[in-house]
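Take a look at the structure set out below.
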Amino acid sequence: MDDRNRSESQLFSVGGQTIGGLHYSKYNDTFHILNNCGAQSDPKDPLSAKCDWFKLDYVPMRDMLTVDKYGSAVTKARPDLVSYWAVQPGTNHVRHPYMFGSDEFADIGNIPVFRFDSGADTYEQMQFVISTYENRYIFDNFRRNRTTFQSINVMNRVEDRYFDKIKDVMKTFALLLELDSNPTSSQQDPGNLMPLALAGPDMLGTFLRVMSRPAPGAYTIQNTGTGITTPFGTPEDINGQINNPKGDFLIPVGSGDGRFVENDYDYSQGYWWSSYQVKAGSWAEKRIAAIDLLEAHNYFVANSTQDYVDGRYKNLNFASVYPHQVRRFMSQILAGDPMTLGPYVTVPTGQLGNAQPSVMYLPWEKDVPNVSYPAGATVLDPARPMFDITLLGMGPDGHTASLLPGEPVLKERKHWVAAVSHGRPEVRITMTYPVIESSRRVAFLLAGKEKATMFKTIRTGGSDVPAARVKPVGELIWFVDRAAAGQG
């Protein structure tokens, strides 16, 4: 055995347990890197004393202190056997060079192995990810003469480069909060969880914006049928755009404002139109954001189910850190009430027809009792259903759809569909007023003399029957035969 091999065999027999000439069990006695140690609960067991974990900095290799790994005698024979981590003098911080991560773990929730971070902390990294996602929309979601352009490539880029990072960093934050004995203090420490605590609301807000972002284009708040100005902005229909191409205001494309929801293609290519996609819609981004917001498991710390006995450490998502905010937002989506969910714009009356306002969002990421729109806000809701025309009938008793007189369903303003269990022998299901009224045109079709009395009462404004309560955002039209009109 030559000297080199003999030296290595001696080192391996030590097992790498000494650094800087000290056994690892003596590190704290020398460097005092553990913090806030309590008393031993068992006088005979030194391990029964609980201490805070050491504070750890990740820094460039050039800023590290170099110490002998196995003592000066070994280093003299083998200069490569040195350690590049050491205690930063005077701060009780352990310093460590940037960590290595295999492809399996790089660029996910394991923050120290993010690639291309240039030394940025978590808050700075997330600001970069979020701003890049917003700014690259006009470049990444449109064909721009790329022959390989298609939705799947766009969505893979969005998920891999942006959404996965945001999702997994939030899960990292949730995990560290679960493990931390004093999470409030740690979130106020710039060397601990403060960067994650600062980034958290922005990460949550990003997904909520994606899910509620409106489409660009011309919007109107003028009800052309009645002349009423509403606090709700709807996309201008084709007829309206012919007379008023800008609508009452325009939602711009990109820059955090509008994103087209649907895919689009070059239909001039005839039979091959499906091979010429020109625009990737944001419908898939909305779907992915909803999944990533609620996905309640993680595998970024390790892949074995044996790593944690307590299942709470595996069931982590945005709701683990922001339960009230996530529950409030999702309840509004499920309720379908446009006036408590959508983004909004503020357009002064004098600028209608010549405005391009920026889209604003309610502060869903804030833990406050209530969120409300500012005065003069016009709500934009991409989740609200919009029909070009809705055709309705009316019974002699004034009911329409299955909205029956005297039933509780007449007061339903949150759910789109409701059961009607009384008033008829059979249980019925009906669309509610918010859905019926979300139509550019509602048309009643009446026939038969048995409806003449009720129609006359509705025309004179003397009735509050279900059919008389329909107040669409667009036009209301009645098609009535002579018998129903009381003329024959």
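Taking neighbour Cβ counts within 10 Å as the exposure measure, how do 272, 283 sort from fewest upward?
Going from sparsest to densest Cβ surroundings: 272, 283.
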- Could you please rank 334, 316, 294, 446, placing first whichever residue has the fewest other Cβ atoms within 10 Å of its Cβ? 334, 294, 446, 316
- Roughly how many nanometres apart are two label points built 7 Å out from the Cα toward the Cβ at residue 397 and residue 447? 2.3
- Note on the structure: Exposure proxy check on 279, 69: fewest-to-most Cβ neighbours within 10 Å is 279, 69
- Rounded to the nearest whole number, the per residue volume of the convex hull around the C-alpha atoms of region 390-480 in Å³ is 93
- Cross-link pairs 69/171; 165/286; 286/366; 411/456; 246/279; 171/366 - those with Cα-Cα distance over 26 Å: 69/171
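Every number here is computed from the coordinates shown, using simple stated rules; none is lab data. Because the structure is predicted, anything quoted here is derived from the model rather than measured. Neighbour counts run over all protein chains shown; Cβ positions are idealised from the backbone, glycine included.
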